[in-house]
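Just so it is clear, none of the values below were taken in a lab; they were calculated from the coordinates. The model shown is predicted, which means the values in this text are computed figures rather than measured ones. As a convention, Cβ positions derive from the backbone with ideal geometry for all residues, glycine included, and neighbour counts pool all protein chains shown.
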Amino acid sequence: MKKLKITIYLMLISVLAFSQWASQTSGTTYGLNSVFFTNANNGYAVGEYGTILKTTNGGTNWYAVTSGSGNWLASVYFTDANTGYVVGLNGTIRKTTNAGANWSAQISGTTNSLYSIYFSSANTGYAVGTSGVAIKTTNGGANWSSLSTGVGSNYLQSVYFSYDFLGYAVGQGGTIIKTTNFGANWATLTSGTVNWLVSIYFTDANNGYAVGEYGIILKTTNVGTNWIFQNGFTSEILYSVKSLSSNCYVVGDNGTIRKTTNGGTNWFAQTSGTLSKLRSVCIIDANTAYIVGDNGTILKTTNGGAVFVNKNKLTESAFTIYPNPAKNKITLTINAVLENEIIVNIYNVKGEHVFSNSYNNEYSFEIDVSTLAKGLYFIKIQSQTGIVTQKLIIE
């Protein structure tokens, strides 16, 4: 049994040491607000001053394409490999039919800024923005018509359709609205918060997430009827949420990345390597995802982004655990000088996450372990200085 525990311990550290998000060269210092991939190789990022970037090799290289607009661009969406749309400042909508080589202006019918665009089918799309504006096209953007959402002047930040008839939008003051008839009518849902909601995404007809100010993560399991607060262990503004199967990421201020693989029961911190605002995330598969943000930031992971690379080795004396064995609470005391944010993760012997939190300028803190089953666990302390892991026994 002892040999098995040592083997699992070494395997766990080996896996953790090589997981990461890698910075990509965007070629710009302009802020990037939205990212979208049409397949594993071809992707687009849009942002300030009409910036549109494209990659054809999975992000190895990014190059600028001419948008034809100098306006700030907020959101990009493609309906197929060739046909895509961007929206932004002052009602800007532009469309490409040749994979981004050329972009033509469309008449949105509004001068309000548009923050989000989503197409529920090849020709039917929706965009939302400032002062409660919502517009719809049924002919690929040739015409856009205004929708009545009932939110007054509240800004709408994000729109998403889980079916062609079933859609949601979120925004200012905790607003969540829902349509079940292709946008003809919208009902206001109870979000349970008055804080700004910035992004919404559904994994299927029933299950969805909304995120926003003060680290708010809301989840519904019943088509938006009820929304439950989840603990993402952050107070940063969250700008984007995306999910694929059991993998769900949220990103936000100060390089914040959180991920869940169990439907939001647990959210775990990931190290981005940047303090820039992270504005948008796009998931390709279980291992591959992209994030864009301020200062031309583009990040990519090819292994789920679990943790930061262990560049420096720390000894076990870097922190102490008391008591150990433990029952209800433990106190972690940091004995080394660790740079910037400290991230604490706890894993069971199967390598599964059971706890995660981040701490700033704290060198002694309590952790509640009363919900953990009896057995052997591993506590990992992670910072820019390095990574160190110790064993913890729960009695």
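Quick one: which residues, 5+ away or cross-chain, put their amide H under 5 Å from the amide H of residue 355? H built at 1.01 Å from N.
Here the answer is 346, since their amide H atoms fall under 5 Å of that of residue 355.
For a quick check, take a GNM of the chain with Cα springs below 10 Å and name the residue from 346, 228, 283 with the largest mean-square fluctuation.
Maximum among the listed residues: 228.
Over the range 16-60, what is the mean sequence separation of C-alpha contacts under 8 Å (at least six apart), divided by residue count, expressed as relative contact order in percent? Let's see the in-between values first.
On the way: 57 pairs, mean separation 14.0, N = 45.
Result for the range 16-60 is 31 percent.
With n ≥ 4 as the cut-off for DSSP H runs, can you work out [θ] at 222 nm for the chain, using -39500 (n - 2.57) per run divided by the number of residues, rounded to the nearest 500? Write out the running numbers ahead of the final one.
On the way: 1 runs with 16 residues, N = 395.
After summing the helix terms and dividing by residue count, I get -1500 deg cm²/dmol.
So which aspartates and glutamates pass the test for residue 374, namely a Cα distance under 13 Å, with those fewer than 8 places away in the same chain ruled out?
In chain and number order, the partners are 395.
What distance in nm separates the two pseudo spin-label positions at residue 181 and residue 80, each 7 Å out from Cα along the beta-carbon direction?
3.2
Of the listed pairs 219/242; 95/277; 136/178; 219/259, which have alpha-carbon separations greater than 20 Å here? Walk me through the intermediate numbers first.
Values: 219/242 13 Å; 95/277 27 Å; 136/178 15 Å; 219/259 14 Å.
Pairs exceeding 20 Å: 95/277.
Among 287, 170, 92, whose Cα lies farthest out toward the positive end of the dipole of the chain, if unit charges sit on the beta carbon of Lys, Arg (+1) and Asp, Glu (-1)?
287
Residue 324 to residue 373: extension gain in nm, 0.36 nm per residue of separation minus the Cα-Cα distance? Each step should come with its number before you reach the end.
On the way: separation 49, 0.36 × 49 = 17.64 nm, distance 1.46 nm.
Length difference between fully extended and current span is 16.2 nm.
Under 20 Å from a label point 7 Å along Cα→Cβ of residue 64: give me every residue in the range 31-48 with its amide N that close.
31-36, 43-48, by backbone N distance to the label point.
Please work out how much length the chain gains when fully extended from residue 90 to residue 142, using 0.36 nm per residue of separation minus the C-alpha to C-alpha distance, in nm with one decimal. Show your work: numbers first, answer last.
On the way: separation 52, 0.36 × 52 = 18.72 nm, distance 1.80 nm.
Result for the pair: 16.9 nm of gain on full extension.
Which is the longest run of the chain containing none of the chymotrypsin sites (Phe, Trp or Tyr not before Pro) found in DSSP loop states (not H, G, I, E, B) with at most 15 other C-beta atoms within 10 Å?
Numbers: sites that count: 18, 163, 165, 363.
Longest run free of exposed loop sites: 166-362.
Which whole-number percentage describes the relative contact order of the chain, with Cα contacts under 8 Å and a sequence gap of 6 or more?
Details: 1137 pairs, mean separation 46.7, N = 395.
Averaging sequence separation for qualifying contacts and normalising by length gives 12 percent for the chain.
What spacing in nm lies between the two simple spin-label points modelled at residue 246 and residue 56, each 7 Å away from Cα in the Cβ direction?
According to this spin-label approximation, the distance is 3.8 nm.
Of the candidates 134, 105, 74, which one comes out as most mobile in a Gaussian network treatment of the chain with C-alpha springs shorter than 10 Å?
The residue with the greatest mean-square fluctuation here is 105.
To the nearest 0.05, how large is the calculated FRET efficiency for residue 302 and residue 121 if R₀ is 41 Å and r is the Cβ-Cβ distance?
It comes out at approximately 0.85.
Provide the gained length on full extension for the span residue 287 to residue 25, in nm with one decimal, where the gain is 0.36 nm per separating residue minus the Cα-Cα distance.
Details: separation 262, 0.36 × 262 = 94.32 nm, distance 2.03 nm.
Gain on extension, residue 287 to residue 25, equals 92.3 nm.
For the chain, evaluate the Debye formula with one uniform point scatterer on each Cα (no solvent term) and list log10 I(q)/I(0) at q = 0.14 Å⁻¹, rounded to two decimals.
For the chain at q = 0.14 Å⁻¹, log10 I(q)/I(0) is -1.16.
State, to one decimal in nm, how far the label point of residue 352 lies from the label point of residue 204, with both points 7 Å from Cα in the Cβ direction.
1.9
With springs connecting C-alpha atoms under 10 Å apart, model the chain as a Gaussian network and identify which of 88, 150, 132 has the largest mean-square fluctuation.
Of 88, 150, 132, the Gaussian network model singles out 150 as fluctuating most.
For an R0 of 56 angstrom, estimate the FRET efficiency from the Cβ-Cβ distance between residue 105 and residue 362 and round to the nearest 0.05.
Working: r = 52 Å, r/R0 = 0.92.
The computed FRET efficiency comes out at 0.60.
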